[in-house]
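The values are calculated or read from the model by the stated rules, or taken from the named source; none is laboratory data. Being a predicted model, the structure only gives us computed values, none of them experimental. Ideal geometry is used to build each Cβ from the backbone, glycine not excepted, and the neighbour counts take in all protein chains shown.
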Amino acid sequence: MKTWKSLLTGILVAALYGFCAAPLWAQQEGEEKPKPAARVLLPLPDLSGEQQDSDQGNETMQPDRGPLSGVQSATLGRSELRHSYWVSGIEYGNTTQSSSTNLASNPGWTTTSYLNGDLSLVEASSHTTFSTSYTGGGFFSNDPVQGNGKFQELAMAYEINQRRWQALFVDEFSYLPQSAFGFGGTTGLAFPGVSGTLAVPLPQLQSVFVPGQTVLAATGPRYSNASAAQVTYAVSRRGSITVGAVHGLLRFIDSGNISSDNEIFNAGYNYAITRKNSLGMVYHLSTFHYPGNPQAVGDQSIQFMYGRRITGRLALTIAGGPDLSSFRVPVNGSKRNISGSGVGSLFYAFRMSSIGLSYAHGVSSGSGIFTGARTDQIGVGWDRPLTRQWRGHLNFGYARNAQIVNINGLSSPVSNSWTPAGGISRPFGGGADFSLGYQALIQSSTSLFCGATNCGTSHTTHQVQMRFQWHLAPRVLR
């Protein structure tokens, strides 16, 4: 009797399951066999690459789990990943500018064309994510100073997320013909890999952990790399400890610029007051060395932090505190200098647009001009759909670099750089994307940094930029 009861119960359950599941099977006719639930993890917002509705508010967002005192920039979160995938593409870009970015040369209007390939990949499991984006190719210019050459950009990250601890490994590399500050304007040329809905979500290092390139007077090709490793461990339900290290380098091909190496140790404590608000304290130890130059700079700072995060809506970070710098070679008779340092960022998503603000103040490597500099850097970005097809973008960057210690009775060298930009973009069917923009590169200095008598102390370059990118259909790994 028990056997018959069990058999009837099994048949009834199977029938009910088949009745409820029938609509789902009908929807999946013609598609490949669905992946097991444990394998369906990752974000792939739009495998077709076609234009989506401009209102992204209904996307499933995963919260930003990065620690407040960590090396990475805060974000609004990530779109839910559904697949691991890779995608490749090609792109053509063109920049027409009023004068050379080299302050010692003024050949008039010039044009530079960029032709390159793109590759993006994301591979994830339930607790790990590996993501990378690469862009590489060549450029061809009638600027007699810049000439022809090649450029490459690579960003990669490996993330481990466990219940009580996280690990992050990041590397950001670039080989560019000019300063990364303002490179590409609003066209996205400065970001490696495929852009648009298939762009791979990569954690980015904060600007204070990347070798500075914010002085436009430092000209010529250069390569830059920043590698970071970080571990975060939860010591309680609300508190966690973060420890990280970053190594960076900046090398110039042409003489007349100052190459640099920097090592940074970062340690902090994070405490969640509520689900949205958190406090923290972080300690930075930085060293800057200059190959072939006797000077070396050490910098220590303690910053008190506040953060507020609402997934998909708001990411706010504020930090500040005292700063102590020391010099191997005395500056103005002093081997130490006490000042302050701080960072701040705000990212906010409205229903139809988004805005980002960032600010950083502290000691930097010197951006190829100084052997250590006191740097202020501001970034502003705005993005909004104009129609169902077109989007508008506005960017603004400003950087001020000054000698760390003022020289009594003398005018200390100061460099100011501005990069206002605006543009529009539009995706097309078949994996194509087009963007057009304008940017001005404005350099104002109190000294003739370029070393030429005809370069003056200020310089403005107007740029009209265009980019066309096309990618193949993405290949799903799982």
Whichever residue in segment 118-129 is in contact (Cβ under 8 Å) with a residue 60 or more places away in the chain and assigned to a strand (DSSP E or B) and, among such residues, is nearest to the chain's Cα centre (by Cα): Ser120
Scan of segment 220-246 for residues that are closer than 30 Å to Asn148 by Cα and surrounded by fewer than 18 Cβ atoms within 10 Å (Cβ to Cβ), ordered by number: Pro221, Tyr223, Asn225, Ser227
Close pairs (8 angstrom Cβ cut-off, 6 or more residues apart or separate chains): in contact (Cβ under 8 Å) with a residue 40 or more places away in the chain and closer than 22 Å to Asp171 by Cα in segment 239-256, of a type in the set (A, V, I, L, M) and part of a loop (DSSP other than H, G, I, E, B) anywhere: Gly244/Val71; Val246/Val71; Gly248/Val210; Phe252/Ala218; Phe252/Ile258
Lone qualifier among Tyr114, Tyr175, Tyr134, Tyr158 - being hydroxyl-bearing (Ser, Thr, Tyr) and either farther than 23 Å from Gln469 by Cα or under 13 Å from the mean Cα position of the chain (by Cα) (or both): Tyr158
Residue within segment 155-172 that is surrounded by 22 or more Cβ atoms within 10 Å (Cβ to Cβ) and either closer than 22 Å to Arg400 by Cβ or free of Cβ contacts under 8 Å to residues at least 24 places away in the same chain (or both) present: no
Filter pass, Val87 being touching a helix residue (DSSP H, G or I) at 6+ places or on another chain (Cβ under 7 Å) and under 30 Å from Tyr438 (Cβ atoms): yes
Members of segment 138-154 found to be assigned to a strand (DSSP E or B), small (Gly, Ala, Ser) and free of Cβ contacts under 8 Å to residues at least 40 places away in the same chain, listed by number: Gly138, Ser141
One residue from Thr132, Thr111 being in a strand (DSSP E or B), surrounded by fewer than 19 Cβ atoms within 10 Å (Cβ to Cβ) and β-branched (Val, Ile, Thr): Thr111
Tally, over segment 252-266, of residues that are crowded, with 16+ Cβ neighbours inside 10 Å and outside any loop (DSSP other than H, G, I, E, B): 6
Considering residues of segment 282-297 that are surrounded by fewer than 17 Cβ atoms within 10 Å (Cβ to Cβ) and small (Gly, Ala, Ser) only, the residue farthest from Thr232 (Cα to Cα): Gly292
Check on Gln403, modelled with pLDDT under 95 and surrounded by 15 or more Cβ atoms within 10 Å (Cβ to Cβ): yes
Boolean, Glu172 is farther than 23 Å from Ile424 by Cα, outside any loop (DSSP other than H, G, I, E, B), at pLDDT 95 or above and not hydrophobic (A, V, I, L, M, F, W, C): yes
Single residue of Gly93, Gly66, Gly77 found to be farther than 30 Å from Arg222 by Cβ, at pLDDT below 95 and buried (at least 19 other Cβ atoms within 10 Å of the Cβ): Gly77
Number of positions in segment 215-240 that are hydrophobic (A, V, I, L, M, F, W, C), under 24 Å from the mean Cα position of the chain (by Cα) and either farther than 24 Å from Thr375 by Cα or outside any loop (DSSP other than H, G, I, E, B) (or both): 4
Candidate set: segment 63-94, residues that are in a strand (DSSP E or B) and among the aliphatic types (A, V, I, L, M); chosen: the one farthest from Ser125 (Cα to Cα): Ile90
Identity of the residue in segment 334-367, out of contact with any Gly (no Cβ under 9 Å at 6 or more places or on another chain) and part of a strand (DSSP E or B), that ends up surrounded by the fewest Cβ atoms within 10 Å (Cβ to Cβ): Ile338
Qualifying residue in segment 368-377 (condition: of a type outside the set (Lys, Arg), touching a residue at least 24 places away in the same chain (Cβ under 8 Å), outside any loop (DSSP other than H, G, I, E, B) and surrounded by fewer than 21 Cβ atoms within 10 Å (Cβ to Cβ)): yes
Residue ID - farthest from the chain's Cα centre (by Cα), chosen from residues in segment 310-333 that are loosely packed, with under 14 Cβ neighbours inside 10 Å, assigned to a strand (DSSP E or B) and free of Cβ contacts under 8 Å to residues at least 24 places away in the same chain: Pro330
